[in-house]
Amino acid sequence: MNASTTKETAIKTGFLVVALASIVILAMIVVFLFREGLPIFRKVSVRDFLLGRYWYPTADPPDFGIFPLIVGSVVVTLLSCVIAVPLGVLSAVYVSEIAGSRMKEILKPAIELLASLPSVVIGFFGMVVVAPTLQEWFDIPTGLNVLNASIMLALMAIPTISSISEDALHGVRRELREASLALGATRWETISRVMIPAALSGLSTAVILGMSRAIGETMVVLMVAGGAAAIPESIFDACRPMPASIAAEMAEAPFRGDHYHALFATGVVLFMMTLAFNLVADMIAAKYKQVGTATL
Amino acid sequence: MSTSAKMETRNMSFYYGESKALENISIAFQACRVTSLIGPSGCGKSTFLRTLNRMNDIIAGTRVEGEVLLDGRSIYDADVDVVDIRRRVGMVFQKPNPFPKTIFNDVAYGLRIRGLRNRTELYDRVEASLKAAAIWDEVKDRLNESALGLSGGQQQRVCIARALAVEPEVLLMDEPASALDPIATQKIEELIRALRDRYTIIIVTHNMQQAARISDETAFLYMGKLVEVGKTDMIFTKPSCRRTEDYITGRFG
Amino acid sequence: MERRKKRKLIEAGAFLIVRSAALVIVLSLAVVVGFILFHGASAVNWTFLTQPPREAMTAGGIFPAILGTLYLTAGAILVAFPAGVASAVYLSEYAREGRLVRIVRLAINNLAGVPSVVFGLFGLALFVVFFKFGSSILSGSLTLGLLILPVIIGASEEALKAVPRTYREASLALGATRWQMIHRVVLPAAFPGILTATILGIGRAAGETAPIMFTAAAFYTARLPTSIFDEVMALPYHIYVLATAGTHIEQTRPLQYATALVLIALVLAVNLVAILLRARMRRRRMS
Ligand SMILES: Nc1ncnc2c1ncn2[C@@H]1O[C@H](COP(=O)(O)OP(=O)(O)OP(=O)(O)O)[C@@H](O)[C@H]1O
Ligand SMILES: [Mg+2]
C-alpha cells in the first residue's frame, strides 16, 4: 500500500520534472542569448545599437547600428500583414461559415499543407518565380525587395491566421447565429455583425500570432528581401530584416568577436519582440476564456 | 375557416436526411391566438416550430414536403425571400441568447440591418419593444451595458423585445421559460398573455399547467404526428384521443 | 423593396470576396507546389537520390543531404518525443489548473513562438559552444528537438484530452492506480493521436533550415557521417546553398528545383499521412 503510493508519487514527480523542462528551456534561451549578446554593449551603447543608422559590422572601424534591420523587419511584417490578415481571416470565415462540408474537406487540409511548406522552399519560390515576375511587371532592377519578401511572408502567416481565426469563429455559440438569422438577418449580416464581433478577441490573437510568425521568419527574408542594410524608401527597395542578418553573417563572424556578439544581441531584440507578441496574444486569450463570449 | 388562418401547414412532412421527423401535419393557427404545442421529448415540436420560419434551412440535408402557408402564401416557394419570412415570423429560443453587445444594440440589431439609422427613431422603437416585453423598467438605466449581465429571465425578455422590435406577425417560442425559475416564468407568461392581442403566438412547452394557463388552442404531437388539436380547455378536460389523455395526466408509458 | 435588393447585393458581393480569399490560398499552394513539381520532376531520378554531388555540386545527386536530413529528424524526434509526451501526460493527467500549470503553458506557448533563427543561435551558444559538441548531428538534433517540442506537447495533449472520461473512470473504478490507468488505458487509447503529433513534428523538423545553419549543416561533405559528432549536409540547407551561394547559380537551377521537390515531397507526404490518420480517427470516434 505504502510502497505503491510512493511509486505513484515518484512517477508523478517524474512527469512534473519533464513538464517543467519547457520553462527551463525558455529560461536557458534567455540566459544564453544574453550571455553571448551582452558583450557587444561594451563597445556600443544600447541606444547606438538600437537606433544607430549604420550596420557595417565588417568595416574598420565597424558600425553596429541595427536600426535599419529593425525597420526592415517591421516593414516586411506590416506589409505582409496587409496581405495575410484579410486573406487569413476571410478564408476562416469561408471555412467556418459558408463552405459546405465537401469544400471544407478540401480547404482545411490545403491550409494545413500550406503551413507545412518549408520556409526555404517558399524563399526559393520567391527567388526563382516571384522575383523575375515582379521585375518584369514593374520594370525594376531587381525583384528581390520588400514587396517580394512581404508576399512570401504572407504566405507563411496565412495558415496561422486562418486556422486560429477559424477556431475563434467556431467557438462562437451556435445560438447567436440562429438568433440573428431568426431576426431576418442575411447570412452575411449575421457573419459581419454577430459572428465576427463575437470572435473578435480570438481573431486578434490570430493576427498577433501571424505577425509573430512573420517577424521571426528567417529563410524567406534571407533569400528574397535583397539584403541591403539600409532603410527602405519604397516597397521596391531591398532591405535586411534582423533574422536575415543573423543567418547570413553568423557563419563569417569571428567566434566571440564583436560581430558575433552583435548578431546575438540582434537575436535578443528579435526574441524580445516575438515574446511580446506572444505574451499579448496569451493575455487576450486568457481574458477571452474568463469572460466567455461576453466581450464587446 | 382554414383560409382565414394566419399560418397554416398542409400535409407537411419533414426529413433530416433519410429520417422522417414530421409526418403529414395539417394545422392552422388563427391570428391573435396563442397555440401551445405539447408532446413528449423528441416528438418533433422544435422541428415543427422551425419549419414555420425556415430555420431548418440552415441544417444541411433537411427537406420539407407539403405546404407551409403564411397569409395563404407558401413560404417555401422559390421566389420567396427567406430573410423576409424570418422577419415576419419571429422566434424566441429555449435558452436566452442575447448577442455580446449592449442591450440597446442588441434590441436595435434587427432594425439596423433593415437600414434604420435615425438615432431617435431607433431609440423610440427600442424603448417601445422593451416596454412591450415588460423589461423596460429593469433595464432603462443600463441600456449601454451587456445583456449578459442580466438574470436569465431578464435576458429572455430582452430576447423577446429583440424579436418584437422588427414587428413580426407571428411569434414562435420554443420552451421560452424552461431555463427560468418560477418567478421569471410567471413574468414571461404574463407577457405572453399581454402580447396575444397583437401577435399570433405558437409556443412549445413541457409544462401542462403553463399550456393550460396561457393558450387558446393546444396541439398534441406524438412521434412526429399531430394527434389532436383543439381549444385548450377541451384538450385538457375532454381529449378525444386516449394518448392525449395519458400524456396530459402523466400516465404516459 | 429597394433596401432588400441592396442587402442581397451586398451579401452576394461579400460572399464573392470571401470565396476568392479561400481560392487565392488554395491557388497559392497549388502554384508553389506545381512550379516545383513541373521544373523539378525531370531531374529527379534514382541516381539523383542515391549519389553524392559531383563537380563542385553542379552535377550528381543529393544522397548525403537526404541522409543528413533523416539523421537530424530522427535525432530531433528522439529528443522531443519522450519529453513532449511526458509533458503532455503531466498537463492532461496529473496537473490541477493553477499557477504552476499556467506558467508551464505560458512557457510552452512562448517556446512555440520563438523564431527558428533564435533557436539556431541558442543551439550554437549551448550545444556547439558551451557543451563543445561542435557543429554536428548531435547539436542539430538537439536544437531541432527543442524547436518541435511545443508541437508535440500540444498535439499529444489534445490526443489525451480526446480520450473519453468514461475510460478513465472505468479503469479507476476497477482499482487501478493512476499510473496503471494512464499506461494501460489512456496512452493506448491516445496512441493514434500521439502518433499524428509525432508525424507533424517530423514534418516540421525536416523542413527547418535556420536552426541547423549554425549547429549542424555543412555546405558540402566529402564523406558520409560516421558519428553523431560529424557535420552533415541537409536538404533545406542544400537548397539554400545551391540557390544563393556559388558561381553556378543559374546552371544548377534544375538541381535546385529537384532538391526542393524532394524536400516538399517528403514534408507533404508526412503531413498528408498525419491528416489522413486524424481524419480516420475522427471518423472512428463518430461511429
Ligand atoms: N439536426 C438534427 N439532425 C437529425 N435529427 C434531428 C436533428 N434535430 C432533431 N432531430 C431528431 O428529430 C426528432 C425530433 O426532434 P425535436 O428536437 O424536434 O424534438 P422536440 O419535440 O423538440 O424534443 P424536446 O422536447 O426534447 O425539445 C428527434 O428524434 C431528434 O433526434
Ligand atoms: Mg425541442
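The values are calculated or read from the model by the stated rules, or taken from the named source; none is laboratory data. Here the structure is a predicted model, which means the values were calculated and not measured. Please note: Cβ atoms are built from the backbone with ideal geometry, for glycine as well, and neighbour counts cover all protein chains shown. Heads up: the accessible areas ignore ligands, DNA and RNA and are worked out on the full protein's heavy atoms, side chains in. Shrake-Rupley method; radii C 1.70, N 1.55, O 1.52, S 1.80 Å.
Assorted remarks:
- Summed over both chains, the area buried between C and A is near 6900 Å², taken from the accessible surface of protein heavy atoms with a 1.4 Å probe.
- Candidates B:Ile59, B:Ile201, B:Ile85, ranked by Gaussian network fluctuation over chain B, Cα under 10 Å, top entry: B:Ile59
- For the range C:99-114 versus the range B:96-146, the gap between their alpha-carbon centres in whole angstrom: 42 Å
- Charge dipole of the protein assembly as shown about the Cα centre (unit charges at C-beta), most positive-ward option of A:Leu79, B:Ala179, C:His248: B:Ala179
- Solvent-accessible surface of the range B:59-150, taken per residue with a 1.4 Å probe and all protein chains present: 45 Å².
- Given charges at beta-carbon only (K, R positive; D, E negative), |dipole| of the protein assembly as shown in Debye: 1900 debye
- Atom-type composition of the exposed protein surface of the range B:104-253 places 48 percent of the accessible area on carbon and sulfur (1.4 angstrom probe).
- Remark: spin-label model distance A:Asp63-A:Met103 equals 5.3 nm, labels positioned 7 Å along the Cα→Cβ axis.
- Rolling a 1.4 angstrom probe over chain C with all protein chains present gives an accessible area of which 67% lies on carbon and sulfur atoms.
- Peptide-level mean, for A:188-200, of C-beta atoms on other protein chains within 10 Å: 4
- C:Arg184/C:Arg284 FRET efficiency (R0 22 Å; Cβ-Cβ; nearest 0.05): 0.60
- Taking all protein chains into account, the per residue accessible area for the range A:3-42 stands at 53 Å² (1.4 Å probe).
- Across peptide A:273-284, the mean count of Cβ atoms from other chains lying within 10 Å of each residue's own Cβ comes to 3.
- Distant alpha-carbon pairs in the range C:193-287 (separation over 19 angstrom), percent: 55 percent
- Inter-part distance, the range A:160-206 to the range A:83-126, computed on C-alpha centroids, equals 18 Å.
- In the range C:20-54, the residues that give up 20 Å² or more of accessible area when the other protein chains are added, compared with the chain on its own (1.4 Å probe), are C:Ala21, C:Ala22, C:Val24, C:Ile25, C:Val26, C:Ser28, C:Leu29, C:Val32, C:Phe35, C:Ile36.
- Estimated Rh, the range B:1-84: Kirkwood, alpha-carbon pairs, angstrom: 13.4 Å
- For peptides B:29-41, C:181-193, sequence by mean Cβ density within 10 Å, most packed first: B:29-41, C:181-193
- Looking at the range C:2-43, the accessible area is 61 square angstrom per residue; that uses a 1.4 Å probe and ignores ligands, DNA and RNA.
- Whole-Hz Karplus values for the range B:53-65 come out as 10, 6, 6, 6, 4, 7, 8, 5, x, 9, 8, 10, 10 Hz, taken residue by residue from phi with 6.51 cos²θ - 1.76 cosθ + 1.60 and θ = phi - 60°; glycine and proline positions read x.
- Under the Debye formula (equal points on every Cα, no solvent term), log10 I(q)/I(0) of the range A:46-287 at q = 0.10, 0.14 Å⁻¹: -0.55, -0.92
- Dipole magnitude for the range C:2-43: computed about the Cα centre from +1 point charges on Lys and Arg Cβ and -1 point charges on Asp and Glu Cβ, it is near 540 debye.
- Label point distance in nm, B:Tyr16-A:Arg256, each placed 7 Å from Cα along Cα→Cβ: 7.1 nm
- Cβ-based charge dipole, the range A:46-287, positive-most Cα from A:Pro159, A:Met273, A:Val46: A:Pro159
- Structure-based [θ]222 nm, the protein assembly as shown - -39500 (n - 2.57) summed over DSSP H runs of at least 4, per residue, nearest 500: -19000 deg cm²/dmol
- Measuring spread by the Cα atoms of the range A:179-258 yields a radius of gyration and Dmax of 21.7, 69 Å.
- In nm, spacing of pseudo-spin labels at B:Asp181 and A:Arg35 (7 Å Cα→C-beta vector): 6.2 nm
- C:Glu55/A:Ile231 FRET efficiency (R0 30 Å; Cβ-Cβ; nearest 0.05): 0.10
- Centroid-to-centroid separation of the range C:232-261 and the range A:1-54 [C-alpha atoms, Å]: 36 Å
- Within chain C, the ratio Rg/Rh, alpha carbon atoms throughout and Rh by Kirkwood, equals 1.08.
- Cα gyration tensor shape of the range C:153-203, rounded if a/c is under 1.5, else prolate or oblate by comparing a/b with b/c: prolate
- Cα shape, the range C:247-287, gyration tensor, a/c 1.5 rule: prolate
- All Cα pairs of chain B, percent lying beyond 35 Å: 14 percent
- Along each principal axis, taking the top coordinate minus the bottom one, the Cα set of the range A:88-149 gives 46, 23, 16 Å in descending order.
- Computed FRET value (nearest 0.05) for C:Arg4 with A:Val82, which takes r as the C-beta separation and R₀ as 35 Å: 0.55
- Charge dipole (the protein assembly as shown, unit charges on Cβ, about Cα centre) - positive-most of C:Phe48, B:Ile188, C:Ile153: B:Ile188
- The protein assembly as shown shape via C-alpha gyration tensor axes, a/c threshold 1.5: prolate
- The HN-Hα couplings worked out from phi for the range B:134-151 by the Karplus form 6.51 cos²θ - 1.76 cosθ + 1.60 (θ = phi - 60°) are 6, 10, 3, 4, 7, 10, 4, 8, 9, 5, 9, 9, 5, 5, 6, x, 8, 6 Hz, whole numbers, x standing for Gly and Pro.
- For the range A:3-42, the share of alpha carbon pairs falling in successive 10 Å distance bins from zero is 26, 27, 21, 15, 8, 3 percent.
- Counting only Cβ charges, +1 for Lys and Arg and -1 for Asp and Glu, the dipole size of the range A:46-287 around its Cα centre is about 800 debye.
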